[in-house]
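Shown next, in structure tokens, is the structure this report addresses.
The values are calculated or read from the model by the stated rules, or taken from the named source; none is laboratory data. Model, not experiment: these values are computed from the prediction. Neighbour counts are summed over all protein chains in view; Cβ atoms, including those assigned to glycine, are modelled from backbone coordinates with ideal geometry. Side chains are part of the model used for accessible areas, which takes the heavy atoms of the whole protein and leaves out ligands, DNA and RNA. Shrake-Rupley method; radii C 1.70, N 1.55, O 1.52, S 1.80 Å.
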Amino acid sequence: MAPHTIAVAGKGGVGKTTTCGMLIDYLCKKKKGPVLVVDADANSNLNEVLGVEVETSLGQIREEMAQAELKGTIPSGMTKADYAEMKFSSALIEDDDFDMLVMGRTQGKGCYCYVNGVLQSQVAKYAANYAYVVMDNEAGLEHIARGTLPHVDTMLLISDCSRRGVQAVARIAEMIGQMNLNPGQMGLIINRAPQGDLDPGIREEIDKHGLKLFGVLPHDEAVYRCDCDGKPSAYLSEDDPMKAALNKILRDIGL
């Protein structure tokens, strides 16, 4: 069976990656795996939320390959295609509960299209081995638009509790409609709400844009402390306010 694909999107700084990390922990704790995690943000930091060391990314491997080709150090008897396959296969990070691919940055001008293509091919190669594929996206939807995920079953739009944040995800939702991506289900999660309460003005903004609200997450001091102390926030206790609220949302939408 094809995996259930989940894409997480939203503008930077709204807690998108923290939410994505807790989602991954939820799936693993519920024994929903195996899970393939795809960090498709060039400014990769999902691994920090998950407490995973990343030794290499697809972007770094792309640079190593370019240097090897330039210097003529590709092993003799190996084609460029074979060398690429060997190197890119080493980018899959295997953890106890999930595996992970990290896009990462590249240095050369105009090389993101190439790395996007590599990410798409690597996801296609591995996806059938997993029950879930979870992708943390950049602020836009470049990777989804390029077909990195052939189909999105669940689209989670993450915003903070501000009008500008809601307006940003409304633009993303509009893009999703224009690109005919047709996710199986799509909804908004509001993050960092004081005491977990949604201000009437923010609800008005949500309704104005016709967004489906999946739920509200409270501002969480423990998440802030994890960030300050460099600790993985994905593994906060199950009774942590943000985590408990997110877990309820995920159950309610059938995950």
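The set of residues in the stretch 171-202 that are touching a Leu at 6+ places or on another chain (Cβ under 8 Å) and either assigned to a helix (DSSP H, G or I) or at positive phi (or both) comprises ILE172, ALA173, MET175, ILE176, ARG192, GLY196.
Inspect the stretch 34-51 for any residue being exposed (fewer than 14 other Cβ atoms within 10 Å of the Cβ) and modelled with pLDDT of 80 or more and give the result as yes or no.
Within the stretch 34-51, the first condition is being exposed (fewer than 14 other Cβ atoms within 10 Å of the Cβ), and the residues that meet it are 43.
If we keep only those that are modelled with pLDDT of 80 or more too, we end up with none.
Looking for residues that are exposed (fewer than 14 other Cβ atoms within 10 Å of the Cβ) and modelled with pLDDT of 80 or more, one finds none in the stretch 34-51, hence no.
If you scan the stretch 52-61, which residues turn out to be assigned to a helix (DSSP H, G or I) and either within 23 Å of ALA7 (Cβ to Cβ) or open to solvent by less than 20 Å² (accessible area, probe 1.4 Å) (or both)? Correct list: LEU58, GLY59, ILE61.
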